[in-house]
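The structure appears below as C-alpha cells.
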Amino acid sequence: MEQEHKSWKEVLKVHYRAYRDIRKVCPGLFPVVFLKEILEAVSPYVTIFFSARILEELAGYRRAEQLWKWVFWTVISEGILVLLNLVFRQWYERKQQDFHFRKEKLFTDKWFSMDFADMDKQETHDLRSQIKMNEQYWNWGFQSVPERLGEIVRALVSIISAFGLTITLFILPVTKNGKGWRVFNNPLLILVVLGVMMLLYFVVKNLQEIINNCWENVNDDLNMSNVLAESMTGIGQKGDQAVDVRMYNQQDIVDLCLKQDDFCAPTGKMAAIYHGKGGICAGLAESMSAVFTGFIYGFTCLKALGGAFGVGMVTQYVAAATKMTVNVSELIRVYIELKTNADFLEETYKFLDIPNQMYQGSLTTEKRSDRKYQVEFKDVSFRYPGTENWSLRHVNMKFKVGKRLAIVGENGSGKTTFIKLLCRLYDPQEGQILLNGIDIRKYNYRDYMNIFSVVFQDFQLISQPLGANVAGNQTYDQQKAKSALEDAGFGERLKTMKNGLETILYKDFAENGVMVSGGEAQKIAIARALYKDAPFIILDEPTAALDPIAEAEIYSKFNDIAGDKTAVYISHRLSSCKFCDEIAVFQEGQVVQQGTHEELLEEENGKYRELWNAQAQYYTA
Ligand code: ADP
C-alpha cells in the first residue's frame, strides 16, 4: 500500500465517506456508539464532582445533614450511570457484532456488480484479501471507523467536562496578600497553563508520529507476514490441499515457511520497533501526561495554599485536570490513527471504486413467442486482459435455431472462452457478436443473460435447500422444480430424500444437510438450467469428472430433454457429441472445421479425424 502524508482535510473526508457508507448498511450503529461514549466520558466527572463536595463538607462545616445529602446524590447518580453504562455497553456490543457482518454487504454488492473481467483478475482478489486481513488482524479500514469516531466523541466530551470542572481554578483569587501570591490572580496565567498544554501536545504528537512512521516503514513486511500466515496456516483445512499435504508430509514446509517469517520473531523487525525507537517514544509520550499532571498538581496546591479554595476543590481540579491530560493525549493518538487508517480506507475504496467499463446497453431482447433467437459470431478475436496470446482468433459462427451444436477441441483450444464471450462475461477486442442482427453490447445485460442457461464445467451448488438451488431463488414453483429434477435424471434420488425439495445440500450450515455425489450434483446443475427454461442451453463439459461413455449417455439424454431449445454442447471428447446437427472443431483459438460428424470424419487430414482416431480406444471397446 502506498503511504503518503495526508492533510487533516483528506483524513476527515475519507472517514466521513466511510461514516456515510457504514451508516447505510448498518443504520443505528453510530447513535449507539456515540451515546455509549458520551456516557462513559461524563461518568467519571460526576464521581469527581460529588466526591469533591463530600470532601469539602468534611474538611469544612462538617454538617451531617448536608453530608447525607451529598452521599445520597452520589449513590443515586452512580447507580443510574452504572445501569445506563451497562445497558449501552450491551447494546453497543450487539451493534458491533452486527456491523462486523453487515459491512460485508458493501463488498458482496461490489463483487456482484463489477465487470466479470475485473472479478476474474488475481489482483482484485489480492486487493480484497489484503483489505480483509487489515480488518481482521489489525483492525484497520471500515472495522476501525465506529470505534475511532466514538473515541473522538469521548475524548472531546471528556475534555469539555474537565474544562467545566476546572474553570474556577483560574478564576478563584488567592486571599494571601504577598507579592508572590498575587501573581496567581493574574488572568494571563491561564495562557501560561494553555501554553504548557500546547507544548506538551506538540511533543506527544511528534512522538506519536515517530511511532507511526516506524510501523509504516515495515508495512510491506507486515502485509507479507499476514499473507504468509493466512495461506500457510490454512493449508491443512482446505479439503483439496489437505489431502496432498498429508500424502506428501508437507507440514514441514509449512513449519519452515512460518519460521522463515522473521518479521514476528523475537529478534525480528516487530520486536526491534517495540524494544527500540517505537518503545522509547511510546514511553516518552506516556510520561508527558505525568509531566502535565505534576504541573497542574503544583499549580492547584499553591493556589490552595494561597487560600483560593479548600481541599475539596483541590481534589476536583487535580482529578479533572488529570483526566483532561489523558484525553488530550487520547485525542492525539486517535487523530494519528485516523491518519493511518485513511490509507487503509483508501485501499478499501480502491476496491469499492473499481469502475464498470463494459458498455451497458438498454435494448430489451424481444420476448419472441417462437423463441427464435439467432446468435452470430462475426470475426471475433479475444485475449484475456493482461495476456499476450489470443485465446480466440477470427471466429465466425452462426447458431441454427433449435438445433444441436457441438464445440469440440483439445483442452486449451478456446471452447470455454467462446461461451464466456457468448454470455458477455467479457467483450471481444475485435469483431462482433450479434443477437438477431444487433451487437449484444446494445442489449440490457440482465435481459440478454435471460436467454441463456449454462452449466459450466466447474458449476457450483450452494448449501441451501435443493429446490432453491434448482430455482436460484428461495421462492419458486415446486412442481416445475420437481419436473426439472426428474428430467435431469434426479427423480429416483429425490424420492429417497424425506424432506424432498427442502433437503439442504451439503453440511456447511446444516447438520442435517445431505452430501450429494459429483454425478448427482451435476444432475441438479442440469435441472437448474432446465428450470430457467431459456431458449439457449449450453453444457460446458460439466461431465469432466465422468468417463467418456457416461458423458456420452448424459449428452444424448440431454438431447431429448432440451426439446425445442438451441443446445450447445462443449467437450474435448468427440464421442459425446457425434449426434449433433453440427460440430465446430476448435484448435488454438480458431474454428478449423465445421460440419456433421460424418462430413468431418471424411476430411482426410482434418483435425476431427485425427482426434477421433486418437480417442477411438475409449468407445470401440
Ligand atoms: P478450453 O475450454 O478449450 O479448454 P479455454 O477457453 O479455457 O480452453 O482456454 C483457451 C486459452 O485461454 C488457453 O490458452 C487458456 O490458457 C487461456 N485462458 C483461459 N482462461 C484464462 C484466464 N482467465 N486468463 C488468462 N488466460 C486464460
With the full set of protein chains in place, find how many percent of the accessible area of the stretch 371-445 is carbon and sulfur; take the probe as 1.4 Å.
-> 44 percent
Using alpha carbons only, how many degrees (0 to 90, rounded to 10) separate the axis of helix 189-217 from the longest principal axis of the chain?
-> 30 degrees
Would you work out if the chain is rounded, prolate or oblate? Take a ≥ b ≥ c from the square roots of the eigenvalues of the alpha-carbon gyration tensor; rounded if a/c is under 1.5, else prolate when a/b is larger than b/c, oblate otherwise.
-> prolate
Taking residue 303 as the anchor, which lysines have their alpha carbon closer than 16 Å to its alpha carbon, excluding any fewer than eight residues away along the same chain?
-> 176, 179
The extension gain from residue 411 to residue 379, computed as 0.36 nm times the residue separation minus the Cα-Cα distance, is 9.3 nm
If you plug each phi of the stretch 147-158 into the Karplus form 6.51 cos²θ - 1.76 cosθ + 1.60 with θ = phi - 60°, what whole-Hz ³J(HN,Hα) values come out, in order, with x for Gly and Pro?
-> 4, 5, 5, x, 5, 5, 4, 4, 5, 5, 4, 5
With label points set 7 Å from each Cα along the Cα-to-Cβ direction at residue 286 and residue 508, the distance between them in nm comes to 4.6 nm
Which shape class, rounded, prolate or oblate, goes with the stretch 5-81 when its Cα gyration tensor gives a ≥ b ≥ c as root eigenvalues, a/c under 1.5 marks rounded, and past that a/b bigger than b/c marks prolate?
-> oblate
With an 8 Å cut-off on Cα pairs and a minimum separation of 6 or more residues, tell me the relative contact order of the stretch 460-533 in percent.
-> 41 percent
per DSSP, antiparallel bridges as share of beta bridges in the chain, % nearest 5, sits at 45 percent
Tilt relative to the chain, helix 122-138 - C-alpha long axis, 0 to 90 degrees, to 10 = 30 degrees
Cut-off under 5 Å, modelled amide H: who pairs with residue 444 long-range = 362, 363, 364, 365
Residues whose modelled amide H sits under 5 Å from the amide H of residue 587, counting only those 5 or more places away in sequence or on another chain, are 592
Which lysines does residue 259 reach when only Cα atoms under 18 Å apart count, and residues fewer than 8 places away in its own chain are ignored?
-> 269
About its Cα centre, the stretch 460-533 carries a charge dipole, from +1 on Lys and Arg Cβ atoms and -1 on Asp and Glu Cβ atoms, whose size in debye to the nearest 20 is 40 debye
Relative contact order of the chain, defined on C-alpha pairs under 8 angstrom at six or more residues apart (%) | 14 percent
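The values are calculated or read from the model by the stated rules, or taken from the named source; none is laboratory data. Everything quoted here is computed from the prediction, not taken from an experiment. Cβ sites come from the backbone with ideal geometry, for glycine too, and all protein chains shown count toward neighbours. These accessible areas exclude ligands, DNA and RNA; they are computed on the full protein's heavy atoms, side chains included. Shrake-Rupley method; radii C 1.70, N 1.55, O 1.52, S 1.80 Å.
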